[in-house]
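Scroll down for the structure; my scribbles are underneath it.
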């Protein structure tokens with residue numbers, strides 16, 4: 001396959017990812033928009049390889065950093081944008097339990113840092129005092145871990161759907177090149 005075709009495809013994936021991230025300005029989309037934008041990076045990973053997926057992610061970072069809302073860009077750049085790539089590495093770890101343990105550990109490290117940064121620098125939590133209670137923080141942490149596991153499962157299912165439905169169309173287009 002021609003290198004120019006790979007560049008165009010990855011540039012389109014990066015652009016779609018950045019455009020999706022603009023929806024982060026709508027209330028209540030703070031956590032879901034970065035997760036959805038990461039799907040564009042997953043397409044580059046499936047069609048080509050890790051190198052092209054990393055380049056796609058890096059190409060999407062600049063417009064995201066320039067035009068997106070602070071908390072949304074933090075979640076995209078620090079975790080959800082590159083997670084589909086890292087997920088592929090983690091799934092090569094032998095044993096499903098160990099693979100999930102490493103994924104959850106990675107998420108919890110990110111989450112601890114993101115929670116600290118959003119609390120201290122952005123001021124998202126704790127503006128009214130109720131969000132600083134230990135019970136709230138523990139419940140929020142558990143809910144986020146459950147949501148992450150569901151996101152990981154959905155990402156695997158969406159990759160399978162992509163391979164079944166969209167990848168054959170992509171292959172058909174490549175034959176003419």
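The values are calculated or read from the model by the stated rules, or taken from the named source; none is laboratory data. Please read all numbers here as calculations on a predicted model, not as lab measurements. FYI the Cβ positions are ideal-geometry reconstructions off the backbone, even for glycines, and counts take in every protein chain you see.
Side notes on the structure shown:
- Residue within the range 126-149 that is within 14 Å of the chain's Cα centre (by Cα), surrounded by 15 or more Cβ atoms within 10 Å (Cβ to Cβ) and either within 18 Å of residue 30 (Cα to Cα) or modelled with pLDDT of 80 or more (or both) present: yes
A quick yes/no check of all residues on (1) under 15 Å from the mean Cα position of the chain (by Cα); (2) closer than 17 Å to residue 156 by Cβ; (3) not in a helix (DSSP H, G or I):
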position	(1), (2), (3)
8	no, no, no
41	yes, yes, no
46	yes, yes, no
51	no, no, no
57	yes, no, no
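- For the range 83-94, a residue qualifies if it is under 24 Å from residue 32 (Cα atoms) and surrounded by fewer than 14 Cβ atoms within 10 Å (Cβ to Cβ), and exactly one does: 89.
- Restricting attention to the range 60-99, the residues that are part of a helix (DSSP H, G or I) and farther than 28 Å from residue 28 by Cβ total 7.
- Positions within the range 1-55 being exposed (fewer than 14 other Cβ atoms within 10 Å of the Cβ), in contact with a helix residue (DSSP H, G or I) (Cβ under 9 Å, 6 or more places away or on another chain) and closer than 23 Å to residue 115 by Cα, in sequence order: 25, 26
- Residue satisfying all of: in the range 95-120; surrounded by fewer than 13 Cβ atoms within 10 Å (Cβ to Cβ) and closer than 24 Å to residue 83 by Cα; modelled with the lowest pLDDT among these: 116
- Test: residue in the range 11-30 that is part of a loop (DSSP other than H, G, I, E, B), on the phi < 0 side of the Ramachandran plot and within 16 Å of the chain's Cα centre (by Cα): yes
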